[in-house]
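Student: Attaching a single structure in structure tokens format; questions to follow.
Just so it is clear, none of the values below were taken in a lab; they were calculated from the coordinates. Source: prediction; values computed, not measured. We place every Cβ from the backbone using ideal geometry, glycine too, and count neighbours over all the protein chains shown.
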Amino acid sequence: MRAAFALIFLLLPISASAATVEPQIDFHVSAAFDELHAGDYTVLTLLVENEAKLSSFPIDQNSSQILAILTTAKDARVELQDCYPISVENVNPQIIGDLPSGRVASVNFRVKVDENALAGEYSVPVEISFTKVSLSVIGSNYFISYTPDQKVTEYVKIKIDRKDYDFDAKVISGSLKAGREGKIDVIIENTGKNELDDAVAILNVSSPIIPNPDAISSYIGNLAPGEKISASFKVFVSDKALNQSYPASIILKFSAGSQQAAISKQIGLEIEKDSMLSILKVESYLTPSKTVQSQTTQSMPSSVSPLLSGLIQTQQSSQIVTINSRGAVIVEFESFENLQDAVAILSFENPLLQPENSPYIGKIDKGEKKTVIFYVKSLAPAGSYR
């Protein structure tokens, strides 16, 4: 869509019956600081310069003002494309407004660098949208036209390099169950440029995971770049823990030259709610309650007339009666643990179903299978219940 309006430029030295003057608008894009690291979550600042050109346009005191208008990229917007190894985490595109020729605008993007990005140089596309200004000469009339949604794609170069000191931590095994002590095995790799000297790995956890003071740290020693080593830790897990992953971190303390340093990496610890039993089979022998109509007959002396006082008068009444149903639920299960004084308890979400017993089982050995019978009173209609 082109919008135009007429302007009269006195003494503007363009003589043609019909002509259009359009600039060639190009951009140069560079990064203020182009070195990033794998796993970085940082701000990438782009410098955008308008390199617009206009050829065969006479310059004098009368035309300089219109030249500045024609070479301005109006309503400019900059979009940094998601492209390996980076992804953009904030508002995209960013608005920089009108950008005259020769001017530089800075735009900030918060980016996340892929944690597995390989070292090297990358070209990331940058799309710049703007409105272009044109000048049309028709006879003695001059028109300024605006053409929106012009797009130019440039490429910014970034470098991915390793940090001087860095490491990676991955959980390779860990059997953590609610209410028990568990062991965690972690592989630690030196992913930095320099050796990690006299390193110690420390596991940092929070509730519902409780550290074991005797096995919360592991001495690593010297770790060369690219070298891997395993470390083990022990923790206690609260019986209130849920079946989910809980955040934790590995803190690596080491010597960096003559100074002590520390780096932290986040890991996730999976917790499983321990189950002592497995239900193998459930059989239900329940019938719905029944509703019947009950009739009652009453006899009484007649009170209509003294002459009929010797007669007996009868009266019938009816009411709705619900008859309870009784049945049984048979459950077969297998135990995963050795249990003592076990008692089986059945409960229903619907209060119209009421268990009448809680069978005592006593001792159960690990791997043993048992069958229990629950007697149930039911006032519930036909249906499926939990």
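Student: Under the Karplus relation 6.51 cos²θ - 1.76 cosθ + 1.60, θ = phi - 60°, what is the ordered set of whole-Hz ³J(HN,Hα) values for the range 235-243, x standing for Gly and Pro?
Tutor: Those phi angles translate into 9, 9, 10, 5, 6, 8, 5, 9, 6 Hz.
Student: With θ set to phi - 60°, apply the Karplus curve 6.51 cos²θ - 1.76 cosθ + 1.60 along the range 328-341 and write out the HN-Hα couplings as whole Hz, x wherever there is a Gly or Pro.
Tutor: Coupling constants for the range 328-341: 9, 10, 10, 10, 10, 9, 10, 9, 9, 9, 7, 10, 10, 6 Hz.
Student: Okay, moving on. Given a Förster radius of 22 Å and the C-beta distance between PHE143 and GLN65 as r, what FRET efficiency does 1/(1 + (r/R0)^6) yield to the nearest 0.05?
Tutor: Working: r = 16 Å, r/R0 = 0.73.
So, using R0 = 22 Å, E works out to roughly 0.85.
Student: If you average the sequence gap of Cα pairs under 8 Å that are 6 or more apart and divide by the length of the range 167-272, what percent do you get for the contact order? Please report the intermediate quantities before stating the final value.
Tutor: Working: 279 pairs, mean separation 35.4, N = 106.
The normalised contact order for the range 167-272 reaches 33 percent.
Student: While we're looking at this one, here's another question. Along the charge dipole of the range 167-272, pointing to its positive end and built from +1/-1 on Cβ of Lys, Arg, Asp and Glu, which listed residue (GLN259, SER217, THR191) has its Cα farthest out?
Tutor: Checking the options against the dipole of the range 167-272, the answer is SER217.
Student: Related question: Which loop trypsin sites (Lys or Arg not before Pro) in the range 228-266, with loop taken from DSSP, have no more than 11 other Cβ atoms within 10 angstrom of their Cβ?
Tutor: Numbers: sites: LYS228, LYS234, LYS240, LYS253, LYS265; in loops: LYS240.
For trypsin sites (Lys or Arg not before Pro) across the range 228-266 that sit outside H, G, I, E and B with at most 11 neighbouring Cβ atoms in 10 Å, the list reads LYS240.
Student: Beyond a 25 Å Cα-Cα separation, which of these cross-linked pairs lie in this structure: LYS163/LYS183; LYS112/LYS157; LYS240/LYS377; LYS281/LYS377? Working shown, then result.
Tutor: On the way: LYS163/LYS183 31 Å; LYS112/LYS157 16 Å; LYS240/LYS377 34 Å; LYS281/LYS377 21 Å.
Too far apart for the 25 Å limit: LYS163/LYS183; LYS240/LYS377.
Student: If I take every Cα pair under 8 Å that is 6 or more residues apart in the range 3-160, average their sequence separation and divide by the length, what percent do I get for the relative contact order? Present the calculation step by step, with values, prior to reporting the outcome.
Tutor: Details: 389 pairs, mean separation 52.7, N = 158.
Relative contact order comes out at 33 percent.
Student: Report the trypsin sites (Lys or Arg not before Pro) located in the range 43-129 that are in a DSSP loop and have at most 14 other Cβ atoms inside 10 Å of their Cβ, or state none. Intermediate values should be presented prior to the final figure.
Tutor: Numbers: sites: LYS53, LYS74, ARG77, ARG103, ARG110, LYS112; in loops: ARG103.
Counting only loop positions with at most 14 other Cβ atoms within 10 Å, the trypsin sites (Lys or Arg not before Pro) in the range 43-129 are ARG103.
Student: In terms of modelled amide H atoms, which long-range or inter-chain residues lie less than 5 Å from the amide H of GLU227?
Tutor: Distant-sequence amide H within range of GLU227: ASN190.
Student: Sequence-distant or interchain residues sharing an amide H contact under 5 Å with LEU269, placed H: which?
Tutor: The list, which skips near neighbours in sequence, is TYR246, ALA248.
Student: A further question follows. Check VAL21: other-chain or 5+ apart residues with amide H under 5 Å from its amide H, H built from backbone geometry?
Tutor: Distant-sequence amide H within range of VAL21: LEU135, SER136, VAL137.
Student: Given the Cα-Cα distance of SER232 and ASP34 and 0.36 nm per residue of separation, how much length would full extension add, in nm? Don't jump to the answer; show the numbers that get you there.
Tutor: On the way: separation 198, 0.36 × 198 = 71.28 nm, distance 3.82 nm.
Between SER232 and ASP34, full extension yields an extra 67.5 nm.
Student: What is the extension gain from ASN212 to GLU121, computed as 0.36 nm multiplied by their sequence separation minus the C-alpha to C-alpha distance, in nm to one decimal?
Tutor: Working: separation 91, 0.36 × 91 = 32.76 nm, distance 4.48 nm.
Stretched out fully, the ASN212 to GLU121 stretch lengthens by 28.3 nm.
Student: Using the Karplus curve 6.51 cos²θ - 1.76 cosθ + 1.60 with θ = phi - 60°, what ³J(HN,Hα) values do you get for each residue of the range 222-230, in whole Hz, with x for Gly and Pro?
Tutor: Computed from phi, the couplings for the range 222-230 are 8, 10, 6, x, x, 7, 10, 8, 9 Hz.
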